[in-house]
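Read-outs: derived from the displayed coordinates by stated rules, not from any lab. This one's a predicted model, so the numbers in the text were calculated from it and none came from an experiment. Note that each Cβ is placed from the backbone with ideal geometry, even for glycine, and that neighbours are counted across all protein chains shown.
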Amino acid sequence: MKRKLGLIYSKLYNAFGPQHWWPGDSSFEVMVGAILTQNTSWLNVEKAIRNLKKHKVLAPDKLSRLSSRKTAKLIRPAGYYNIKTARLKEFLNFLLLKYRSNMRKMAAVNTFRLRQELLEVKGIGPETADSILLYALNKPVFVVDAYTRRIFYRHGLINKEADYHDVQNLFMRYLKRDVRVFNEYHALLVRLGKDFCLKSKPKCVICPLRGRDYAKLYA
């Protein structure tokens, strides 16, 4: 499995190059983006982030003081804006009460403990929590999403019943716990899922994972 994971990474990196993900000007912006990107595309999240920046409220203290109505209006492009407003407020309360909105203080906490704390925040599930840990706080935690599960199931590397943690453990067990590698690997899988391994009508014939080394994935 270690060899297969390495082969997949190499082929995708050679095909796509570095993805420079997650885009954001600050750790807090990445955290907000991780919550807003639930059930929507990143293009929609970018519009919401631009609105927050335009109104100069993309900071923990300012966003905390903003009314729910105003927040919902600004993040409307991200969809499910009332639900996401409530989730943002829950997260902001957690950030203030637990860490006084201090990102460095938050980053200094043990990864396992911090992950458990994030999962206790209403509206934050494993994928969102791990995105915050990896992309905002540089913690070596692999993020799993629908693209990852789809790709690995289609290639016979996981079974249909595999849950989030089953898939995550695959990467955590066989890859070196390196923030840079985890970051790039997940971003490359997202690129593959968006452009080739589509939910319907996948472009298997031109998939970057095909080619001379294709059979090695099944060896």
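At a glance:
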{"read-out": "GNM flexibility winner over the chain from PHE142, PHE16, PHE182 (Cα, springs under 10 Å)", "value": "PHE16"}
{"read-out": "Shape category assigned to the chain from the gyration tensor of Cα positions, a/c cut at 1.5", "value": "prolate"}
{"read-out": "Positive-pole candidate from GLN168, LEU157, TYR99, dipole of region 83-202, charges at beta carbon", "value": "TYR99"}
{"read-out": "Filtered trypsin sites (Lys or Arg not before Pro), region 1-91: DSSP coil and at most 15 other beta carbons within 10 Å", "value": "LYS56"}
{"read-out": "Pairs of Lys in region 27-136 closer than 15 Å at Cα, counting only those 8 or more apart or on different chains", "value": "21"}
{"read-out": "Residue-averaged 222 nm ellipticity for the chain, from DSSP H runs of 4+ at -39500 (n - 2.57), nearest 500", "value": "-17500 deg cm²/dmol"}
{"read-out": "Amide H within-cut-off set for ILE158, under 5 Å, with H built and near neighbours excluded", "value": "TYR153"}
{"read-out": "Net dipole in debye of the chain [+1 Lys, Arg Cβ; -1 Asp, Glu Cβ; about Cα centre; nearest 20]", "value": "400 debye"}
{"read-out": "For region 27-136: relative contact order, % (alpha-carbon pairs under 8 angstrom, 6 or more apart)", "value": "33 percent"}
